[in-house]
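Please treat every number below as a calculation from the coordinates, not as lab data. These numbers come from a predicted model, not from an experiment. Positions of Cβ are generated from backbone atoms using ideal geometry, with glycine treated the same way; all protein chains shown enter the neighbour counts.
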């Protein structure tokens with residue numbers, strides 16, 4: 001129920017949905033590799049990752065709604081968009097998302113460690129999000 005509530009609390013514009021679908025079709029290799037690896041291993045932890053998911057007004061590369069965790073895979077285009085990325089990260093953090101960023105090279109050259117870092121962070125966040133208040 002909590003996942004659905006989190007999903008429903010965001011305004012979704014039909015243009016966001018269409019843009020996300022187009023981005024999924026044209027996803028870079030690193031993003032597809034990481035998503036496939038996470039899909040294959042996250043099930044063991046009870047986690048599910050969505051790819052090119054709208055969090056209006058943005059579309060994030062990967063998200064685990066249960067953990068409020070966003071994963072961004074940055075290519076060379078992000079070198080010139082640092083301010084935009086910082087504003088975007090701040091917006092997402094304001095919505096209580098943790099944002100992890102990896103480069104295309106990180107994913108392609110060190111996929112196993114990237115997957116472990118993401119899964120460890122997701123499990124940690126789930127524990128802290130659902131821990132009883134003192």
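Relative to the present Cα-Cα distance, how much length would full extension add between residue 86 and residue 105 at 0.36 nm per residue of separation? Show your work: numbers first, answer last.
Values: separation 19, 0.36 × 19 = 6.84 nm, distance 2.05 nm.
So the chain would gain 4.8 nm between residue 86 and residue 105.
Spacing of the modelled spin labels on residue 45 and residue 96, each 7 Å from Cα toward Cβ, amounts to 2.0 nm. Judged by the ratio a/c of the largest to the smallest principal axis of the C-alpha gyration tensor, the range 43-120 counts as oblate, that ratio being 1.5 or greater while a/b is no larger than b/c.
Subtracting the Cα-Cα distance of residue 117 and residue 36 from their residue separation scaled by 0.36 nm leaves 27.6 nm.
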